[in-house]
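Here's the structure, in structure tokens; my notes come after.
The values are calculated or read from the model by the stated rules, or taken from the named source; none is laboratory data. The model shown is predicted, which means the values in this text are computed figures rather than measured ones. Here the Cβ positions follow ideal geometry from the backbone for every residue, glycine too, while neighbour counts run over all protein chains shown. We work out accessible area using only protein heavy atoms, side chains counted, and drop any ligands, DNA or RNA first. Shrake-Rupley method; radii C 1.70, N 1.55, O 1.52, S 1.80 Å.
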Amino acid sequence: METQGMAAQWLDGLRPGTVRELFEYLPNMLYFAKDADLRIMAGNRAFVQRCGFENEADLIGKTDQEIFPVELAEKYSQDDRLVLETAMPLKEIVEMFPNEMGDPEWFVTDKIPLFTRKGKVAGLCGLVRSYKGAHEDLQPYITLQPVMEYLKENYAEKVSVHEIAKIAGMSVRQLERCFRQTFKTTPRSYIMKLRILRACEWLSGGNKPITEIALDTGFYDHSSFSKKFSQVMGMSPRDYRKRFRNPD
């Protein structure tokens with residue numbers, strides 16, 4: 001209860017709307033909030049523009065029936081009322097929603113109820129994302145999944161980029177480009193991070209000798225391991241281990 005009170009006090013001290021600003025920076029994401037009468041009370045810039053308005057203030061107080069075609073508006077309202085009546089979220093709703101050109105397109109929507117401080121349902125909020133866009137965003141991860149599984153199992157071995165490119169069914173150039181676009185790093189750097197991460201687990205959770213950790217994570221010797229570990233973590237393996245044994 002003490003930690004809950006601390007969190008509540010911290011949240012009460014925030015400037016109103018601060019947390020909601022996050023939704024302005026989520027790519028391909030529409031955010032909205034409605035009151036218990038299903039009037040729109042908030043929307044991020046993308047949602048406001050998709051509804052045909054320039055400013056959020058012009059959208060406040062309007063209902064779906066005033067904005068969208070009747071067949072779409074009625075479907076949205078049905079789902080909204082279900083959320084309000086059950087006080088339960090609705091997730092992964094696949095439905096039609098206007099795209100940038102105003103034409104209906106498939107989107108995925110999540111809706112969750114909002115509550116007053118006394119626990120009464122006060123409305124709901126939702127996130128809308130393009131079904132096609134969501135699939136396109138995930139596709140690079142899906143494509144590289146066999147590679148990621150292979151690296152997780154073989155990070156300590158000498159893995160060649162040619163080998164993992166073959167697993168991905170790509171040329172080396174295609175793999176490196178896809179890997180960098182998806183994970184913002186190269187395959188070799190990713191493998192090194194896996195090795196360091198595993199070393200961190202052993203250093204913080206056991207008494208395994210550092211030289212043994214170095215060899216088991218694919219390093220040539222204690223010296224090469226210590227040098228790379230220090231570059232990545234900002235401290236030596238020995239100091240890292242001491243940090244967890246003497247947290248104060």
For the stretch 154-248, the Rg and Dmax computed from alpha carbons only, in angstrom
15.3, 50
Rel. contact order, % - alpha carbon contacts under 8 angstrom, at least six apart, the chain
11 percent
Here are some pairs, Lys158/Lys228; Lys166/Lys227; Lys152/Lys193; which of them have Cα atoms lying more than 22 Å apart in this structure?
Lys166/Lys227
Given springs between every Cα pair under 10 Å in a Gaussian network model of the chain, which of Ser224, Ser77, Ser130 has the largest fluctuation?
Ser224
Place a +1 charge on the Cβ of each Lys and Arg in the chain and a -1 charge on the Cβ of each Asp and Glu, then give the dipole magnitude about the Cα centre in debye, rounded to the nearest 20.
1540 debye
With springs only between Cα atoms under 10 Å apart, run a GNM on the chain and tell me which of Gly218, Gly169, Gly234 wobbles the most.
Gly234
Please say if the stretch 49-122 is rounded, prolate or oblate, where rounded means a/c under 1.5 for a ≥ b ≥ c the square roots of the C-alpha gyration tensor eigenvalues, and otherwise the choice is prolate for a/b larger than b/c and oblate otherwise?
oblate
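Could you look at the stretch 1-132 and say what percent of its accessible area is carbon and sulfur, using a 1.4 Å probe and all protein chains?
Answer for the stretch 1-132 is 57 percent, counting heavy atoms of protein chains only.
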Surrounding net charge for Asp103, when Lys and Arg each add one and Asp and Glu each subtract one, Cβ distance under 15 Å
-2
Over the chain, the sum of -39500 (n - 2.57) across DSSP H runs of at least four, divided by residue number and rounded to 500 deg cm²/dmol, gives at 222 nm -16000 deg cm²/dmol
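Give me the 1.4 Å probe accessible area per residue for the stretch 102-244, excluding ligands and nucleic acids, in Å². List each step's numbers first, then the result.
Values: 8750 Å² over 143 residues.
Per-residue value: 61 Å².
Write out the chymotrypsin sites (Phe, Trp or Tyr not before Pro) in the stretch 164-194 meeting two conditions: DSSP loop, and at most 14 other Cβ atoms within 10 Å of their Cβ. Each step should come with its number before you reach the end.
Values: sites: Phe179, Phe183, Tyr190; in loops: none.
Within the stretch 164-194, no chymotrypsin sites (Phe, Trp or Tyr not before Pro) qualify (loop, at most 14 other Cβ atoms within 10 Å).
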